[in-house]
Structure formats: C-alpha cells, structure tokens
Amino acid sequence: MLRMHERTLPQTLWDSKAVLTAAVLLSVLLAFVLSRAVTPVYGAESILFVSVPASKQTFDTVQASQSLARSFADVLESPVFADRVARRLASVAAQRELAAAFANPSRKPPPKIPGSDLRKGTTIEPLPETQLLKIQSEAAAARLAKDTADTYAVVFKEYAAQTPSLKAEVTIAVPAALPADPIRPRPALYTALAGLLGFGIASTLVWLLDRKSPRGLDERARLGVA
C-alpha cells in the first residue's frame with residue numbers, strides 16, 4: 001500500500017512540467033512540418049446506377065441489376081479499361097490546356113498518365129444491396145481526381161451503351177465534385193495525435209526515471225515501498 005509521503009504520479013509529472021511541455025511542443029512541431037512536407041492527396045468519387053432494361057422493376061430485375069453491378073466492378077478495374085480511361089483523360093487534359101494556353105502561351109502540357117497509375121489511384125466498389133457502383137479516385141491535384149472519377153463514369157456509360165450483349169443500362173447517378181481540401185495529409189489531426197503521443201511517452205519516461213533516480217530509490221527505501 002502506498003504511504004502518504006510517497007511521490008505520486010501527478011506530483012512527479014508536475015515537477016517535470018517543463019520537460020513535458022517541451023516534449024509535446026517538439027512532437028507537435030515535428031508532425032506539422034512532416035505533414036506539410038508530404039504531397040497532398042485529393043479524393044473524388046462518382047456513382048453509377050446499373051439497371052436491367054425492363055418495363056417494370058420487379059424483385060428479379062433488381063436482383064439481376066445488383067449482380068450486374070458487382071460484375072461490372074471487375075470490368076472497371078481491368079487494365080484494358082484503365083488504358084481506355086487514360087486515353088480519354090489525356091484528351092480532356094489536352095482540351096483544358098489548350099484553353100489555358102491562350103492566357104499563358106508558355107504553359108507546358110501535363111504529362112500523360114498511364115493506365116497502370118490510374119488503377120493504383122482508383123477504387124471501384126459496388127455498394128451492398130444496391131444497384132450502385134462507386135468510383136473513388138485519388139490524385140495529387142484536385143482537378144485530376146475529379147476528372148478521373150468522372151471520366152471512368154462517362155467511359156463506362158458509353159461502353160455499356162455500345163455493347164448490347166451486356167443487356168444493361170448505366171447512368172451517372174452522382175458526378176464527382178471538385179474536392180476543396182486534400183484527404184491526406186491532415187495536419188490538424190496529425191499534430192493533435194502527435195501531441196498526445198509525445199505527452200504519453202514523455203510522461204512514462206519521466207515516471208520511470210524518477211523511480212530509478214537516487215532520490216527516488218532512497219525515498220522509496222525509506223518508506224518501505226517496492
């Protein structure tokens with residue numbers, strides 16, 4: 001059982017408040033600097049609606065549409081389809097750069113993005129128990145993230161319309177919005193977590209060092225505390 005004169009954890013931490021404050025500030029500063037140094041990543045998503053052509057929606061047609069949505073996800077994730085989207089995306093970027101060139105003739109066109117890179121930054125997810133397909137795109141620029149998500153949706157809608165054997169109607173339920181803020185990094189969250197982590201680590205070290213210090217050992221021996 002602890003005696004009344006033994007230094008408690010709050011007392012130990014209070015006596016080392018300068019060290020703890022410095023540790024928290026250093027952790028926060030380091031996290032803030034590192035998060036600012038990381039290239040921001042923006043995210044955008046578009047949503048497709050898949051349906052089986054029918055004069056009346058029944059349970060069977062809805063089930064068939066949901067099954068098609070799941071199978072279409074595999075098509076959207078294929079390398080062949082990614083290359084098709086990359087070619088269309090290049091033409092979209094070229095048109096935008098051509099318009100910008102009138103205002104800034106020295107502006108250089110952006111490099112073409114290979115389909116393999118699009119696949120790495122794009123996620124296709126059929127929403128459970130629905131006829132919806134969600135296309136999520138991540139990129140280092142907000143406009144590129146939006147254009148990628150929208151281009152995937154437009155190209156697949158055209159592909160479904162030009163392929164009668166699919167026997168499906170695809171519409172764009174929700175086009176991608178232009179992201180205002182990056183999804184990564186998140187400096188505010190990272191600095192808060194770093195501050196808590198720094199405080200926890202510093203508190204533990206201060207407590208352990210106090211217990212092992214000559215003053216702490218002498219006091220504990222005098223009080224008969226193990």
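Rule-based calculations on the coordinates, nothing more; no lab input. Not measured: the values here are computed from a predicted model. Note: ideal-geometry Cβ built from the backbone for every residue, glycine included; neighbour counts use all protein chains shown.
Taking θ as phi - 60° and the Karplus parameters 6.51, -1.76 and 1.60, the scalar couplings of region 68-78 work out to 5, 4, 5, 6, 5, 4, 5, 5, 5, 8, 6 Hz in sequence order, x denoting glycine and proline. The calculated FRET efficiency for VAL174 paired with VAL62, based on their beta-carbon distance and R0 = 22 Å, is about 0.70. From the alpha carbon centroid of region 131-198 to that of region 62-93 is 13 Å.
In the structure shown, do any of LYS120/LYS146; LYS56/LYS167; LYS56/LYS157 have a Cα-Cα gap over 18 Å, and if so which?
Beyond 18 Å: LYS56/LYS157.
Backbone geometry of region 166-171 corresponds, through the Karplus equation with coefficients 6.51, -1.76 and 1.60 at θ = phi - 60°, to 3J(HN,Hα) couplings of 5, 6, 8, 10, 10, 10 Hz, x marking Gly and Pro. Evaluating 6.51 cos²θ - 1.76 cosθ + 1.60 at θ = phi - 60° for every residue in region 19-36, the Karplus couplings come out as 5, 5, 4, 5, 5, 5, 4, 5, 5, 5, 5, 5, 5, 5, 5, 5, 5, 6 Hz, glycine and proline recorded as x. Remark on ALA177: its backbone amide H falls under 5 Å from those of GLU45, a criterion applied only to residues 5 or more positions apart or on other chains, H modelled at 1.01 Å from N.
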